[in-house]
Ligand code: NAD
């Protein structure tokens, strides 16, 4: 017997194509009637269209959501919320826009409806990271968990191929670590394997045909399951390394996850036999780490951290920071091994 604890997070999920059509009903179901629509600047046209369709249910728009949820932007959005007399937010976008909605909810408890347009998965978590004067702080609180998530496959068709691949690998990384994190449990392992299988199978089809509705649907379905894994499960070495690299060297989020995952997995493989069995089933390969590397490369993702601008001279500092406040990991952290991972990830080598 293997004892476990499972904590599910409450969220209402609507999945399909054209599901944006239920947005008005979902706003009313939350007993709200004045939505502030949130987007990044490039996604403002999508926000405008939805605002128009919502008619009197839309109180206004705020289209300046930015990466890493800067507090200064949140303060501007709070003013827009109050000025518009809003009573809920509709976040249309990826982790940056969803992060802004969460930051508003953290401050005033507003209900959130989210239409995710990437595979990053913030919509299913109670995690919020915010930046102020270059410092990022992260907290976990149910106050920021979105009430309603409307997955509309049509909103993902415009996600560029390169971003689809790196965002998809970012999602896969959440599920991979849920399989062997301290909080691993049979329910999340089922979701993780199914999520990885769906996304892993979809990414090459998206690369070949970015508008393929079935491939996009499989990817978004997989992304949802991977997001649940992030929201209810735990993380380990891979996420630790990505947090170190992203936070200390300002490397981009999804690309860093894509590069590091094969190496972190190859390091942990000898210590996680059950997870490897699940990953072999999900990828149809005896070498899941190598397959993740290949799929990312075939999709045009950068191979190494050096391609993201990290100087070779920073490898030692990255190793040193990785040992500060280490996360749980199924294989003990050995300095030589961690150095090997970071060097291989930096150089863009295939994991061995
Ligand atoms: P993003 O939200 O920053 O989006 C990147 C760019 O792509 C933006 O310009 C956006 O407008 C554009 N874009 C998004 N969807 C598009 C689409 N369908 N078509 C065309 N353009 C589109 O990227 P992301 O990777 O989704 O989010 C990254 C951020 O989310 C990071 O700050 C990360 O820390 C955070 N995040 C948080 C959690 C959490 O649980 N709190 C989870 C995952 C990621």
The chain: most fluctuating residue of 324, 339, 12 per GNM, C-alpha cutoff 10 Å | 324
Return the FRET efficiency for the residue pair residue 187, residue 209: r is the Cβ-Cβ distance, R0 is 35 Å, and the value is rounded to the nearest 0.05.
-> 0.55
Full extension between residue 250 and residue 294 adds, at 0.36 nm per residue less the Cα distance, a length in nm of 13.3 nm
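Set the Förster radius R0 to 41 Å, insert the Cβ-Cβ distance between residue 53 and residue 320 as r into 1/(1 + (r/R0)^6), and round the FRET efficiency to 0.05.
0.20
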Euclidean distance of C-alpha centroids, region 103-154 and region 171-200, integer Å | 21
Nearest 10, in degrees from 0 to 90: the angle of helix 237-249 to the longest Cα principal axis of the chain is 70
For residue 33 and residue 143 in the same chain, what is the full-extension length gain: residue separation times 0.36 nm, less their Cα-Cα distance, in nm?
-> 37.6 nm
Quick one: angle between helix 288-298 and the longest Cα principal axis of the chain, in degrees between 0 and 90, rounded to 10, please.
-> 60
Simple spin-label estimate for residue 135/residue 79, 7 Å along Cα→Cβ, in nm, reads 2.4
Take the chain, connect every pair of alpha-carbon atoms lying under 10 Å apart with a spring to form a Gaussian network, then pick out the residue of 185, 108, 325 with the largest mean-square fluctuation.
-> 325
Which value in nm describes the separation of the simple spin-label points at residue 312 and residue 280, placed 7 Å from the Cα toward the beta carbon?
-> 3.7
Which order do 61, 78 fall in if you start with the one that has the fewest other Cβ atoms within 10 Å?
-> 78, 61
Max mean-square fluctuation residue, GNM over the chain, Cα-Cα springs under 10 Å, options 48, 335, 147 = 335
Fewest-first sequence of 226, 242 by Cβ atoms within 10 Å of each Cβ | 242, 226
Determine the shape class of region 1-156: with a ≥ b ≥ c the square roots of the Cα gyration tensor eigenvalues, call it rounded for a/c under 1.5, and otherwise prolate if a/b is greater than b/c, oblate otherwise.
-> oblate
Have a look at the DSSP beta bridges in the chain and tell me what percent are antiparallel, nearest 5.
-> 20
Extended-chain gain in nm, criterion 0.36 nm per residue less alpha-carbon gap, residue 72 and residue 350 | 96.0 nm
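To the nearest 500 deg cm²/dmol, what mean residue ellipticity at 222 nm is calculated for the chain from DSSP H runs of n ≥ 4 alone, each contributing -39,500 (n - 2.57), summed and divided by the residues?
Value at 222 nm, helices only, nearest 500: -16500 deg cm²/dmol.
Where a number appears in this text, it was derived from the coordinates with a stated rule and is not lab data. Everything quoted here is computed from the prediction, not taken from an experiment. Reconstructed Cβ throughout: ideal geometry from the backbone, glycine too, with neighbour counts over all protein chains shown.
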